[in-house]
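Notes to accompany the following structure.
The values are calculated or read from the model by the stated rules, or taken from the named source; none is laboratory data. This structure is a prediction, so every number in the text was calculated from the model and none was measured. Neighbour counts are summed over all protein chains in view; Cβ atoms, including those assigned to glycine, are modelled from backbone coordinates with ideal geometry.
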């Protein structure tokens, strides 16, 4: 599904309960709103162009990073952020939920058993 934005366009590539991937095209000078996500983490992977990412850190500091082709950056949930295209830019925008590595309930323990040849 393609969606027009004032700054360019976004095209949904894949989505399920845990991950969403969008192909985004941002026109030079285009910028999104300052926003955050309560639960989703955000990764930008730059395919072409240059993208300025600003993050408003909890200490009140603004972190500014310029991403070039093949650069990537992760923005955790609950961090205000905004992107601005320094030139026409294409990127993958990946949203994902935190996966808990301890999300397992074991009924027994793994082991080695002797098998006959």
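Quick check on this structure: which one of 12, 92 is free of Cβ contacts under 8 Å to residues at least 60 places away in the same chain and either in a strand (DSSP E or B) or over 14 Å from the mean Cα position of the chain (by Cα) (or both)?
Sole residue among the options that is free of Cβ contacts under 8 Å to residues at least 60 places away in the same chain and either in a strand (DSSP E or B) or over 14 Å from the mean Cα position of the chain (by Cα) (or both): 12.
Any chance you could count how many residues in the range 56-70 are assigned to a loop (DSSP other than H, G, I, E, B) and either at pLDDT below 95 or surrounded by 11 or more Cβ atoms within 10 Å (Cβ to Cβ) (or both)?
Residues flagged as assigned to a loop (DSSP other than H, G, I, E, B) and either at pLDDT below 95 or surrounded by 11 or more Cβ atoms within 10 Å (Cβ to Cβ) (or both) within the range 56-70 amount to 7.
If only one of 108, 98 is in a loop (DSSP other than H, G, I, E, B) and surrounded by 11 or more Cβ atoms within 10 Å (Cβ to Cβ), which one is it?
98
Any idea which residue in the range 22-63 is nearest to residue 77 (Cα to Cα), counting only those that are in contact with a strand residue (DSSP E or B) (Cβ under 8 Å, 6 or more places away or on another chain) and free of Cβ contacts under 8 Å to residues at least 24 places away in the same chain?
So the residue we want is 57.
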